[in-house]
1. Which of the residue pairs K109/K136; K109/K177; K62/K177; K136/K225 have a Cα-Cα distance greater than 28 Å in the structure shown?
2. Using a 10 Å cut-off on Cβ atoms, rank the peptides 397-405, 71-79 from the highest mean neighbour count down.
3. Using amide H atoms built in the peptide plane, which far-off residues or other-chain residues are under 5 Å from V151 H to H?
4. Show me the trypsin sites (Lys or Arg not before Pro) within the stretch 311-344 that DSSP assigns to loop and that have at most 14 other Cβ atoms within 10 Å of their Cβ.
5. Could you give me the ³J(HN,Hα) list for the stretch 145-153, computed from phi with Karplus coefficients 6.51, -1.76, 1.60 and θ = phi - 60°, whole Hz, x at Gly and Pro?
6. Amide H neighbours of G281 under 5 Å, counting only residues 5+ apart in sequence or on other chains, H built in-plane at 1.01 Å?
7. Be a star and scan the stretch 263-286 for residues whose amide nitrogen sits under 13 Å from the point 7 Å along the Cα-to-Cβ vector of Q251.
8. Ranking request for peptides 108-117, 285-294: highest mean number of other beta-carbon atoms within 10 Å first, then the rest in descending order.
Amino acid sequence: MGKRLLVILPSTTYRARAFVQAAHRQGVELIIGTNHQQAWGELLSDTVLVFPFYEFPIALQKVKSFHQQTPLDAIIGVDDHTAWLAAYLAEHLGVAGNPESAVRRCRFKHLMRQQLLSGGILQPRFHLFHLEDNPKILADIITYPVVLKPVFLSASQGVTRVNTPDAFTEAFYRIRKLVQQGDHLRRGGRFARLLLVEQYVEGDEVAVEGLVVQGNFQLLTIFDKPDPLQGPYFQETIYVTPSRHAPPVQQFIIDETRRAVEALGIKRGAIHAELRINQHGAWVIEVAARSIGGLCSRVLHFTENATLEDVLIREALGESLESISLEKQAAGVMMMPIPASGRLVRVDGVQAARMVPGIEAVEITVTPETPVQALPEGNQYLGFIFARGNTPDAVELALRQAFRFIQVTIDTGENVEQF
């Protein structure tokens, strides 16, 4: 009998189809765990479990009932929150997975910082405040520049660099308002009103994609981020692999990531880490117990025609990965930013962008007439551009040339503007 896998998929994920296809290729019985069944359309040919993502005991009751009748072999979450939920469920059901406490540390930024501090990992200095504190008092005791972060949001949502007390106070109030919107208070739980204030670290930023297999960190790739991420907001744009940093620097990045993973207690599964590199070393900015987000996993091509989702499923089910390795061709992705808040009217230039040499695909993931939000309130991208080439430089150039063709029209409520 084939193995059975529960993949927990938020209704907002871009990756549902990739996991469904990977499971079918491998002959794995896929169970989709979701909080909104109506979101999946034709994907519902597989078994679906519907349960709340923010009420863990209720989710456990639902999944446990299924597991007793139809035992699960593994559970995977695809973002920060569902990775935590997956670890919680696996631990309570006796299914192999990460310790729930380790994934919780990755889920909440202040817990991660505290654990890395205990492990002696190079990271920014930090303070933890409450959003009910008086920011005007706090602003006078801070050494600038600093970065303000809600402890539970992702995709740079709410993250703001400030250089002065006045800017600190303004950003503080803006984040306080942000966390009160939508379902943020429910998502953040008892940590929703906490604010992390970190030392701003200069330097080049990289993203590290890896796996922890039987307790050992294994690198998949290092992505360069060639656009400077200096604030005030930190919109991700271009990722390019392989890294162009010197081999000794790359080894230092790998070593520091491994030390951070060990300090956090991650025992298996995907790791996505962010580090900054300067003359003082490799600073750990974040470690997530999940793989790269959005559609970005498409940039990674493996031997045997495997996708990243294939690799994640095999690891979760305890299968050997020795025959699979990352293809060496240079590749990259551009996460197209939302330039302004309002209503998306249209996106032009997509066909021209697709004609740029080296471009594999241009995917617009926001449909016209949809409300959009720019950072720091927003947490989405306009879409993704994918490129491959002989060198990282050629890939970066192709991505930039393609993006120049993209014209975005947004009704801001005051004007209809083109970007």
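Where a number appears in this text, it was derived from the coordinates with a stated rule and is not lab data. Nothing here was measured: the structure is a model prediction, and the numbers come from that model. Neighbour counts run over all protein chains shown; Cβ positions are idealised from the backbone, glycine included.
1. K62/K177; K136/K225
2. Listed from highest to lowest mean packing, they are 71-79, 397-405.
3. Hits under the 5 Å cutoff: L194, L196.
4. The qualifying sites are K328.
5. x, 9, 10, 9, 9, x, 6, 10, 8
6. none
7. What the label zone holds, given the 13 Å backbone N cut-off, is no residue at all.
8. Output ranking for 108-117, 285-294: 285-294, 108-117.
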